[in-house]
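No value in this document is a laboratory result; all are computed from the given coordinates. Bear in mind that the values here come from a model prediction, so they are computed numbers and not experimental data. Cβ coordinates were reconstructed from backbone atoms using ideal geometry, including for glycine residues, and neighbour counts include every protein chain displayed.
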Amino acid sequence: MTSIEFVTLEVADPTAAGQFYATAFGLGAQVRLRAADAPTTGFRGFTMSLTVSQPSTVKGLIEAALDAGASPLKPVAKSFWGYGGVVQAPDGTIWKVATSAKKDTGPATRQIDEMVLLLGVADVAESKRFYVDNGLTVAKSFGRKYVEFDSADGPVKMALYGRRALAKDAGVSPDGTGSHRLVIGSDAGPFTDPDGFAWETAAATASL
């Protein structure tokens, strides 16, 4: 079964980005950095989501990200599904931190329970077929709206969402051009999907 071992973010300054991610979220080998200057504007077509155990942890991680230089996109708030907030890292990557819990059950921590890569695609059904053909297994599917793949116990989960719906969830315009500034590392690559997202074999790139 295919698993995603890491995502590589292409950034202008890997050293500065590494300092941000270590300070804001304490991320390790599941997020890697690569120097790149490929032109990109607006929404890059994906978001990273960190799932945690309780609201105080959401608040702490969002505050740490803002203190480290992130820009606010959606303030932390309660919703019908739980509690969460969205920020944009200095390198341009959009990060959502959320929990399904609506009340704290213990002291705040910095523990991240799950990392999810959400790809905003033009046609969810078409992209689903492409990924199934390339070895991924569907865990959940809601027609042409949302597809979640089985992570095979890998450190990064992946899901597909319509591009406009994903941008709305992140609090940004869906408009954007140029590079995604993202490469996905797994045992399935190398290939490029219908929306231009690049995959490579999991052997490449140095970690934070």
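Just want to confirm a number: the relative contact order over segment 4-201, from Cα pairs under 8 angstrom separated by 6+ residues, in percent.
Result for segment 4-201 is 27 percent.
Here the extension length gained between T109 and T137 equals 6.9 nm, from 0.36 nm per residue of separation less the Cα-Cα distance.
Pairs exceeding a 23 Å alpha-carbon distance, out of K128/K157; K59/K145; K96/K145: K59/K145. The amide H of E114, built 1.01 Å from its N in the peptide plane, has T51 as neighbours under 5 Å, considering only residues 5 or more places off or on other chains.
Spatial offset of segment 144-208 relative to segment 49-107 amounts to 20 Å, using the alpha carbon center of each. The HN-Hα couplings worked out from phi for segment 187-199 by the Karplus form 6.51 cos²θ - 1.76 cosθ + 1.60 (θ = phi - 60°) are 8, 9, x, x, 6, 10, 7, x, 9, x, 7, 8, 10 Hz, whole numbers, x standing for Gly and Pro.
In terms of other Cβ atoms within 10 Å, V183, V52 run from fewest to most in the order V183, V52.
Placing unit charges on the Cβ atoms of the charged side chains and taking the dipole of the chain about its Cα centre, the candidate lying farthest along the positive direction among I62, I4, G26 is I62. Taking θ as phi - 60° and the Karplus parameters 6.51, -1.76 and 1.60, the scalar couplings of segment 36-44 work out to 7, 10, 4, x, 7, 9, x, 5, 8 Hz in sequence order, x denoting glycine and proline. Tell me which of T105, A125, P190 sits at the most positive position along the dipole axis of segment 4-201, charges placed on C-beta atoms (Lys, Arg +1; Asp, Glu -1). Going by the Cα projections, it comes out as T105. Could you check which residue among V132, V11, V147 shows the biggest mean-square fluctuation in a GNM of the chain with a 10 Å Cα cutoff? Ranking V132, V11, V147 by mean-square fluctuation puts V132 first.
By the count of other C-beta atoms within 10 Å, a proxy for reagent exposure, W81, W95 are ordered fewest to most as W81, W95. Placing pseudo-labels 7 Å out from each Cα toward the beta carbon at A165 and T41 gives an inter-label distance of 2.8 nm. In the set (1) -0.42, -1.09, -1.28; (2) -0.25, -0.95, -1.25; (3) -0.29, -0.90, -1.08, the label that goes with log10 I(q)/I(0) by the Debye sum over Cα atoms at q = 0.08, 0.15, 0.17 Å⁻¹ computed for this structure is (2). Between the amide H of G176 and those of F43, distances stay under 5 Å, these residues lying 5 or more places away or on another chain, with hydrogens modeled in the peptide plane.
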